[in-house]
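**Student:** Following this message is one structure expressed as structure tokens.
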Amino acid sequence: MDLVLPCIFLQLLTVAWGQYGDYYDPYSDYRGNDEWVNMYRQGFNFQCPHGQVIVAVRSTYSKKEGSDRLWNYACMPTPHTLGEPTECWWEEINRAGLEWYQTCSNNGLVAGFQSQYFPSVLDREWQFYCCRYRRRCPYSCWLTTEYPGHYGEDMDMMMYSYDYYIRGATTTFSGVERDRQWKYIVCRMTDYDCQFDNV
């Protein structure tokens with residue numbers, strides 16, 4: 001009876017390993033990595049390797065550095081059931097100093113970020129790098145809580161569920177704090193191709 005639980009755990013681990021193939025811990029470098037993809041007040045372009053999507057976002061804020069943030073991202077390969085990306089593209093630019101809401105078009109998933117800092121408004125403009133996986137469609141979408149919890153705080157957002165994917169975000173901008181709060185748009189994806197062009 002004592003061996004039943006370890007055997008069940010081993011079977012679940014084998015199934016998970018088979019589903020995600022060459023799985024690795026995407027957070028191993030991210031957790032202890034103090035390197036950032038940008039320097040304060042500088043633009044950046046971050047793209048996950050082909051076939052991977054964003055699963056974690058980390059940021060730290062500095063008022064004295066132009067009310068700007070340093071950013072770091074983690075990627076993870078998508079499961080084999082999703083297939084290979086059929087196309088990738090940069091979405092429209094979300095302007096600095098404004099609130100906005102955007103999802104990847106063509107049912108795409110977020111696989112990167114591009115940003116440029118504007119000292120005139122002490123804010124950044126943003127673009128999502130999106131990838132489409134055949135004709136898979138999103139469903140069961142929801143918004144995360146606000147990251148950071150309060151303007152000016154550090155943020156650390158991780159996707160712990162492997163069957164949910166970031167499809168976009170909505171942000172609010174504080175003209176007083178000169179900072180943003182993000183809510184990420186998270187969805188599951190169908191295991192079959194569907195007829196909808198965009199959701």
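The values are calculated or read from the model by the stated rules, or taken from the named source; none is laboratory data. In this text the structure is predicted, and so the values were computed from the model without any measurement. Every residue, glycine as well, gets a Cβ built from its backbone with ideal geometry; the counts of neighbours run over all protein chains shown. In case anyone asks, the SASA skips ligands and DNA or RNA and just uses the protein heavy atoms, side chains included. Shrake-Rupley method; radii C 1.70, N 1.55, O 1.52, S 1.80 Å.
**Student:** For the stretch 79-139 and the stretch 145-199, compute the distance between their C-alpha centroids and round to whole Å.
**Tutor:** 11
**Student:** Shape of the stretch 96-199 from its Cα gyration tensor (a ≥ b ≥ c, root eigenvalues): rounded if a/c is under 1.5, otherwise prolate when a/b > b/c, or oblate?
**Tutor:** Values: a/c = 2.72, a/b = 1.86, b/c = 1.46.
Prolate shape, in that a/c is at least 1.5 and a/b is the bigger ratio.
**Student:** Where a ≥ b ≥ c are the square roots of the eigenvalues of the C-alpha gyration tensor, would you call the stretch 133-193 rounded, which needs a/c under 1.5, or, failing that, prolate if a/b is larger than b/c, or oblate?
**Tutor:** Working: a/c = 3.89, a/b = 2.47, b/c = 1.57.
Here the stretch 133-193 falls in the prolate category.
**Student:** Rounded to the nearest whole Å², what accessible area per residue is found for the stretch 69-152 with the 1.4 Å probe?
**Tutor:** Details: 3650 Å² over 84 residues.
I get 43 Å² per residue for the stretch 69-152.
**Student:** Ordered by packing density, taken as the mean number of other Cβ atoms within 10 Å over each peptide's residues, highest first, how do 87-99, 131-143 rank? Walk me through the numbers on the way to the answer.
**Tutor:** Values: 87-99: 14.3, 131-143: 17.1.
Answer by packing, highest mean first, reads 131-143, 87-99.
**Student:** While we're on this one: Given axes a ≥ b ≥ c from the Cα gyration tensor, I'd like to know whether the stretch 31-103 is rounded (a/c under 1.5), prolate (a/b larger than b/c) or oblate.
**Tutor:** oblate
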